[in-house]
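Chemist: I am attaching a structure below and will ask some questions about it afterwards.
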Amino acid sequence: MKPVAFLNFYRSWGVKAVILLFTVIACVAAIIPKKGNPGAKKKPAASKTHSVWRDYGGSPDQSKYVDFTQITKQNINQLRLEYVYPSGDKTEAYKFNPIIVDGVMYVLAKNNSLVALDAATGKEIWIHAGLRGIIQRGINFWESKDKKQKRLLTCFGNSLQAIDANTGKSILSFGNNGSVDLKQGLDRDTALFTRAAPSSPGKIFENLLILGSFPGEALFSGPGHVRAFDVITGKQVWIFHTIPFPGEPGYETWPKDAYKYAGGCNAWGDISIDVKRGIAFFPLGAPTYDYDGSDREGMDLYGDCILALDARTGKHLWHFQTVHHDLWDYDMTAAPQLVTIMHNGKKLDVVAGASKGGYLYVLDRVTGKPIWPIPETPVPQSDMPHEHTWPTQPIPTVIPPFTKHIALLSDLNPYFTPEEKAIWGPRLAAAKSAPFQPLSDQYETVEIPGAFGGANFENTASNPDKGLVYVLFANEPCIYKLKKIDHTQTRGNGGGGQNAAAAAMAAAGKTAYVTNCQSCHGEDRGGINGIGPSLLNLGSRIPAADFKNIVTLGRGRMPAQPHLDDATITSIYAYLAPPAARGRGGRGGVIAETIPVGPVVATGPAPMKPSSYGGGMKDYPEGHTTDRAEYVEANGNGYGIDAVNLLSPPWAGLACYDLNKGIMKWTVGHGTDPKVGIDGLGYPGGASNKGMIVTPTGIIFATSRDGHLYAYDADNGKKIWDFDLQRSNPNGVPAMFEENGRQYLVVCASTPIRDKTKGEDSAPKGYLVFALPKKGAK
């Protein structure tokens, strides 16, 4: 417009017209796409749910789906390491799923320290050191609506605590001087159980932390009731009794007064939240005792259920029990996937739960009703005295299973040596195997997928709007034979100088060590890299009481061993730590924490009251009249030993379900067994094949126990990229985020080097952060 014309325009229309003109120009400019990364595609605005990785598992729905489109199938081969943040040598960070909020990444590193990093550069912002005992899978993030208050909520043993995400310091106004005792509020005498600690961080919903627990799997472990806590005060807001009380629905599915002694039915896996509806979905574990249900005749609600509760109140909405009267430890642990499908010509919101038993249960998200028939199917019945198995089990008919369910002689591992075939062939032929075959003390039972097979925690993901569900699975059989508990075993003696008795106990301990410990810690007790640490000089490092707690309750990478009684644990300690080798009279002391170098703002958790793991219920309550559970598994479950690799491949895999059609779209082997060396057969012991990330560009990232990070084509399962992390069993869930216009992938690889001919410094160790090259970079 010429100056004269503009002046005439101004005189005619005035200032308002000019303002209107510039408003139009600004609006037009706003809708013109800005130049971005040359490899990026145009996309709609990302949803808040999937645009940030601010939750353990990525988002409240646990889909592990992100809206980022910069990394594609065409440019994925350009991914490169942007930086590595070292985890440190003395840490259990290998399990940790980082979270990233407002450009800050929170990680576990440097001898059990929480560290806040500049996510784009890895520069340390603050370090809260010395958090021994912290949950090692992840943490929870909460912020106020004005974003001024930011909190990290996590647990240390039986203590729930809050840390200021801005400063890194403990919030002492939370709970009682900064700590909430989780053993309180479970409606059972705290002296009757040992722990109420969770193994997964739980889920934030509004101003609540919704939390499960991992009370153990011993005969008298604690109850697995699920609860919610106020994120500001730490006050318990609601509780749902997963072992029902008198007058509550489900009480009739147990013997009278079972709520006083039964344990388990706990959410130790991954909780999912439907934020829009305010529904919390819990995958619940098995009731205890795992392999003998004599003292819990009935269906045992809410064991092995997908449980839907009102997230604000804890009110029961619906449940679906996947195993009645569980005898196989077939917990529900993987995150229920919340997806939308096209069904009968209409959109339908569903929840899909993958089980350790190898089945996928697809239910209406609001009502809990099966989308396709899941009939009650007759199954074999127990021949054990006092055991009353349930006559039927719910087995999906349309949705195919993702694992095998019967171990046939014809399915014996074809890669076995002749010597191995000669051993295992007759043993497999003599064993019983069928879906839900009960255990016996008269013969061996081969259960497939077994207690460590199927889908475990962190093993599910989805593309929620497209109705696609992904399952990492393991075909890992367990071999069982029951053995009656010997209640007359010597519980140890307090007399000194009884050399013969000590020698006999140590000899018994050696036998127990070979059976229960050697597969992870080695024949020479020196440890097996990537599996179990050295137990040499144990007595100078760990006192007997701590050793018992570690074995019974688990710690770090070591799972709980609730089937080992006091006498067996005492004998193992006597073998590993003879009196002459014990420090300070066998009492030991507190392990000193090493303060890391860097911006340390605090050390140690908030003050906690001493919490004893001793005691607990030793027998049934007075007046108990039902049968007693008196059997344990005798042959072990094959974890890391006998049963792994027993059958033909795939030993581990990745399955894709298209729930719009009710089909398994594809399945591929995940990982490579170094013993066989053939790609695509899966890595045995696949329960540790953990994390996935799903992108809208058709890529699924997944870590494997074989030490690789893989990328698969979501359309067909074809492997399109892999990165050798060079470290054994990277066990944490990867994370993905965008910062400063770039898309980043984070993988924790902090386990020992896989190739023992190389030094630990031959490969990066810590949090590996990948990205595409910057514009103009070579």
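Chemist: If I model a spin label at LYS484 and THR757 as a point 7 Å from the Cα along the Cα→Cβ vector, what separation in nanometres do I get?
Modeler: Computed distance between label sites LYS484 and THR757 equals 5.4 nm.
Chemist: Compute the distance in nm between two label points, each set 7 Å from the Cα along the Cα-to-Cβ direction, one at THR397 and one at LYS315.
Modeler: 3.4
Chemist: Additional query: For the peptides 704-710, 82-88, 386-392, what is the packing order when you average, over each peptide's residues, the other Cβ atoms within 10 Å and list the highest mean first?
Modeler: On the way: 704-710: 23.7, 82-88: 19.0, 386-392: 17.0.
With the highest mean Cβ count within 10 Å placed first, the list reads 704-710, 82-88, 386-392.
Chemist: Still on this structure, please answer the following. Contour minus end-to-end for ASN75 and GLN442, with contour as 0.36 nm per residue of separation and end-to-end as the Cα-Cα distance?
Modeler: Gain in length upon complete extension: 126.3 nm.
Chemist: Considering the convex hull of the alpha carbon atoms of region 217-331, report its projected area averaged over all viewing directions, in nm², one decimal. Don't jump to the answer; show the numbers that get you there.
Modeler: Working: hull surface 28.3 nm².
About 7.1 nm², averaged over all directions.
Chemist: I would also like to ask the following. What is the extension gain from VAL676 to LYS421, computed as 0.36 nm multiplied by their sequence separation minus the C-alpha to C-alpha distance, in nm to one decimal? Each step should come with its number before you reach the end.
Modeler: On the way: separation 255, 0.36 × 255 = 91.80 nm, distance 1.54 nm.
Difference between extended and current length: 90.3 nm.
Chemist: Does a label point 7 Å from the Cα of GLN149, set along Cα-to-beta-carbon, have any residues of region 197-237 with amide nitrogen under 18 Å, and which are they?
Modeler: 204-210, 228-237
Chemist: Let me ask something else about it. Using label points projected 7 Å from each Cα along Cα→Cβ, tell me how many nm separate SER410 and ASP619, to one decimal.
Modeler: For the pair SER410/ASP619, the computed spacing is 5.3 nm.
Chemist: Ok, one more. Give me the compactness ratio for region 323-397, meaning the Cα radius of gyration over 2.2 N^0.38 Å.
Modeler: Compared with the compact-globule rule of thumb, region 323-397 sits at 1.31.
Chemist: Counting only heavy atoms of protein chains, what accessible area per residue, in Å², does region 323-456 have with a probe of 1.4 Å?
Modeler: 38
Chemist: Given the pairs LYS276/LYS369; LYS145/LYS765; LYS145/LYS661; LYS203/LYS404, which are separated by over 30 angstrom at their Cα positions?
Modeler: LYS145/LYS765; LYS145/LYS661; LYS203/LYS404
Chemist: I would also like to ask the following. What order do you get for 741-749, 502-510 when each peptide is scored by the mean count of other beta carbon atoms within 10 Å, highest first?
Modeler: Ranking, from highest mean packing down: 741-749, 502-510.
Chemist: Where does region 647-736 land on Rg(C-alpha)/(2.2 N^0.38 Å)?
Modeler: 1.05
Chemist: Count the net charge of all other residues whose Cβ sits under 14 Å from the Cβ of LYS123, scoring Lys and Arg as +1 and Asp and Glu as -1.
Modeler: Details: positive: none; negative: GLU82, ASP118, GLU124, GLU739.
Counting the neighbours of LYS123, the net charge comes to -4.
Chemist: Taking all protein chains as present, what is the carbon and sulfur share of the accessible area of region 90-145, in % to the nearest whole number, probe 1.4 Å?
Modeler: Carbon and sulfur: 49 percent of the exposed surface of region 90-145.
Chemist: Taking all protein chains in place and a 1.4 Å probe, what share, in percent, of the accessible surface of region 652-762 do carbon and sulfur account for?
Modeler: 47
Chemist: Measure out, as a whole number of angstrom, how far apart the alpha-carbon centroids of region 233-251 and region 390-444 sit.
Modeler: Rounded to whole Å, the Cα centres lie 38 Å apart.
Chemist: Right, next: Where the accessible area of region 150-297 is counted over protein heavy atoms with a 1.4 Å probe, how much of it, in %, is carbon and sulfur?
Modeler: Carbon with sulfur: 52 percent of the solvent-accessible area.
Chemist: Give the peptides 335-341, 199-205, 656-662, 764-770 in descending order of average Cβ contacts within 10 Å, highest first.
Modeler: Packing order, densest peptide first, comes out as 335-341, 199-205, 764-770, 656-662.
Chemist: List, in the order given, every pair from LYS64/LYS147; LYS548/LYS675; LYS665/LYS774; LYS73/LYS347; LYS481/LYS618 whose Cα-Cα distance in the structure shown is over 26 Å.
Modeler: Correct reply: LYS548/LYS675; LYS665/LYS774; LYS73/LYS347.
The values are calculated or read from the model by the stated rules, or taken from the named source; none is laboratory data. Bear in mind the structure is a predicted one, so any value in this text is a computation, not a measurement. Neighbour counts run over all protein chains shown; Cβ positions are idealised from the backbone, glycine included. SASA here: full protein model, heavy atoms, side chains in, ligands and nucleic acids out. Shrake-Rupley method; radii C 1.70, N 1.55, O 1.52, S 1.80 Å.
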